[in-house]
Amino acid sequence: MPTEEDWHDLCALNDIDEEEPHFVNAGGRELMVVRVGDEVSVFTDSCPHIGASMVGAVVEDGHVECPLHG
């Protein structure tokens, strides 16, 4: 079970645009933070298909679209 030392402050809520992910490094990991309404999700900054960075991705209809192949 995670302890308090396992948690990292990533950014302020108003740093996260609803149409574009916010990218941060925390605990030595590159992360992508996404906001849809009041819900915030965090993913590794890596396309699940080819492992490329998600920088340039957009959020449409609550889904993250990869900059390389949509």
Worksheet item: Rank 50, 16 by accessible area, highest first, at a 1.4 Å probe radius?
Response: 50, 16
Practice prompt. Highest first, please rank the peptides 2-13, 34-45 by the mean number of other Cβ atoms sitting within 10 Å of their residues.
Written response: 34-45, 2-13
Worksheet item: Around residue 44, what is the net charge, scoring Lys/Arg as +1 and Asp/Glu as -1 over all other residues with Cβ under 13 Å from its Cβ?
Response: -1
Worksheet entry | Entry for Cα Rg over 2.2 N^0.38 Å (calculated from the structure that is shown) out of [x] 1.27; [y] 1.20; [z] 1.13 | [z]
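The values are calculated or read from the model by the stated rules, or taken from the named source; none is laboratory data. None of the values given here were measured: they were computed from a predicted structure. Every residue, glycine among them, receives a Cβ derived from its backbone with ideal geometry; neighbour counts consider all protein chains shown. For the accessible areas, the whole protein counts, side chains as well, though only heavy atoms, and no ligand, DNA or RNA atoms are used. Shrake-Rupley method; radii C 1.70, N 1.55, O 1.52, S 1.80 Å.
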